[in-house]
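Quick notes on the structure that follows.
The values are calculated or read from the model by the stated rules, or taken from the named source; none is laboratory data. Bear in mind the structure is a predicted one, so any value in this text is a computation, not a measurement. Cβ sites come from the backbone with ideal geometry, for glycine too, and all protein chains shown count toward neighbours.
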Amino acid sequence: MRSLMVLTVLIGSLAAAPVAAQEGHPLKGSWLGTMAGNTVHNPDVVLVLDWDGKAITGMINPGTDNIAIRNATLNPQGWVVHFEADAKDAKGQAVTYVFDGRIENLHVPNRGIVGTWKSQRGNGDFKASRQ
Amino acid sequence: MSTRISRAFATAIAALLLAAPLTAHHEILAKFDNTKPTSLTGVVTLVDWRNPHAHVFVNVRDAKGQFANWAVELESPIDLQYSGWNRDSVRAGDNIRVDGIAARDGSRQVWGNTVVIVATGRRILNVEARVPPAPLTPRPAPRWPDKQPRLGSVPGGAEGYWASPSRTVLVENDADIPMTTYGLLRNVADAPKVAPMQAWALQRYTERQQRSLRDDPQFLHCKPPGGPRQFQLPYGVQFVEDRERQRVFVLIGSGNNNFRIIYTDGRSHQGQVGGDDDNPLYYGRSVARWEGEAFVVDTRGFNEDFWFTNGGLPHTEQLRLVERFTRTDFDTMRYEVTVEDAGAYTRPWKSSSTLRWVADEAMPRHLCQDNRP
C-alpha cells in the first residue's frame, strides 16, 4: 500500500514536471514517444534531438539502446519531420526504422510530433511530445 | 465632397484610435484584437494599480439587464504616473465609459483606448509618449580622468539613465520595414527582408507574426529581455561602471529589473566560476574592451528560452552578439550590434539605433511578476 502511494506521488510529480521553454529550432530537445505496435524494441522511446545549424542529429533511447538517427530533415512548410535509424534486434539482426510525421502545436514548449514509423518487421503510429 | 472628407477624417481618427499604444511593455495586439472595437459603460468596482498594466474593473449591464464584470487593461502605472494619473484618478463607484478593443480569447477584457468619466465628460488615464527633449547645444560626453568616456552618470552629478531608443526593433542594416513599436509587421510578406534567416527560422518568425506575437515569452511568462531587446523596451537601462572590480553592470529597467554583468578584466567567455560558468543564460556571458571611443562587448552563452528582440526573431544557443556602445555626446549613445548565429541565420548581420539620456530622473522600477495575461 505504502509503495503504491509512493509510486502514485512519483508519477504525479513526473506528470507535473514543467517543460523547458524552447524558442529556437523546434526539434531541439528531449522527447518522450511511443512507436505503437513495435514488438522488436520497447514501443516507449526517448528521443534526444539537436541542431547544429546544418544538420539534425540525435539518438533514440540514449543510455539503453543508443540508436543513432540519420537522414533527419525538417521541412518548415508544414513542419514535416523525417528521420531514420539503424538498430539491431535481440539476435543482432539489422532493423531499419523510418519515421515520418509533422510537428503539432509548434508554439508551445511541449509541442508534439505525430506520424508513423515503419521497419522490415512492422509499422504503426508514432507520437512524441517534447519534455 | 464634404461627406467624402468627413468619411476620410473619420477613418483616419478610427485608425488612430485603433492603433497599438506606444508605451506598453509588449505588443497589445498579442492579446487584443483591433478589429473588435468595444464600448462599455458601467460602474467601477476595483482599481488594480500594478505592473505591468493597471486594470480597472467595471460592472456593465448587458442586453438582458444582467451585470457582468469587465477588466479594462491600461498602460503601466509608470506611464500613467508620468502622464499625471495616480491610483485615485478613478475610484470604485465612478461611472465611466470605455472605448477600446476586445480580447482575442473572448473573455470579458478590453484594452482601454479611451476612458471617460460619464458625469463630467472628462477623459482620464490617457498616456502621452515620452521623448526627452533634445538639448539645444550638444554637450560633450563626460569622461573619466584618463579621458575614457563614461557610460553612465557622473558621480556627484544629476541622476540619469538611457531610454527612448530610436529603433525598437532589430532589422538588418536598419532597413525601413513598416512595423509596430513591438515589431509586428504591417505586412507579413516583408518577413524575409528583416534578417537573413534560415528557412526554419523564417517560417517560425512568420508564424509568430501571424499570431500577432501572442507567444512572446516575455508577455506570457515575464521572461527576461536578453540581447538587444533590453535596449528596445520603454523603461531604459543604466550603466554602472565598477572600475575597481573591472566590470560594468547594466541595470535593466524593463522586464524584472534584471542586471547584466560585462567583464572588462580580460577574462574569456566565462561567468562566475562555480556559479553560472557553464549554463546558458538569458543575458549570456559578456566580455568587453575599449576600441577608441567605442565600448565593444562580445557576448555568448545564451539560452533559447526568450526572444532576443521585439518581433520574435528566432535564435539558438549559437548566438553571439558583438555590441558597440559609443557615447557620441552627453545625451546620445549609439548602439550597433552584429548578430552571429549559424543555427538560425545564413550569415552575420548588423543593426543599430541610438539611446537618449534621460536626465535628472531615476530609472523606473518595473516588475513584470504580477502579469495578468
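Before moving on, here are some points about what is shown:
- Among the residues examined, residue B:359 does not qualify as of a type outside the set (Ser, Thr, Tyr), more than 28 Å from residue A:22 (Cα to Cα) and over 23 Å from the mean Cα position of the chain (by Cα).
- Residue that is nearest to the other protein chains (Cβ to nearest Cβ) [pool: residues in region B:314-332 that are closer than 18 Å to residue A:51 by Cβ and out of contact with any helix residue (DSSP H, G or I) (no Cβ under 6 Å at 6 or more places or on another chain)]: B:316
- The residues of region B:257-284 that are surrounded by 16 or more Cβ atoms within 10 Å (Cβ to Cβ), outside any loop (DSSP other than H, G, I, E, B), in contact with a strand residue (DSSP E or B) (Cβ under 6 Å, 6 or more places away or on another chain) and not β-branched (Val, Ile, Thr), listed by number, are B:260, B:263.
- Screening region B:289-312 for residues that are of a type in the set (A, V, I, L, M, F, W, C) and within 10 Å of chain A (Cβ to nearest Cβ) and picking the one that is farthest from residue A:29 (Cα to Cα) gives B:308.
- So residue B:131, is it crowded, with 17+ Cβ neighbours inside 10 Å and touching a residue at least 40 places away in the same chain (Cβ under 8 Å): no
- Exactly one residue out of B:337, B:296, B:358 is among the aliphatic types (A, V, I, L, M), under 30 Å from residue B:158 (Cα atoms) and surrounded by fewer than 20 Cβ atoms within 10 Å (Cβ to Cβ): that is B:296.
- Helices (runs of 4 or more DSSP H) (entirely within region B:166-226) containing at least 1 residues that are modelled with pLDDT of 95 or more and not basic (Lys, Arg): B:191-194, B:199-210
- Members of region B:340-355 found to be buried (at least 20 other Cβ atoms within 10 Å of the Cβ), within 14 Å of chain A (Cβ to nearest Cβ) and either out of contact with any Leu (no Cβ under 6 Å at 6 or more places or on another chain) or not in a loop (DSSP other than H, G, I, E, B) (or both), listed by number: B:343, B:344, B:345
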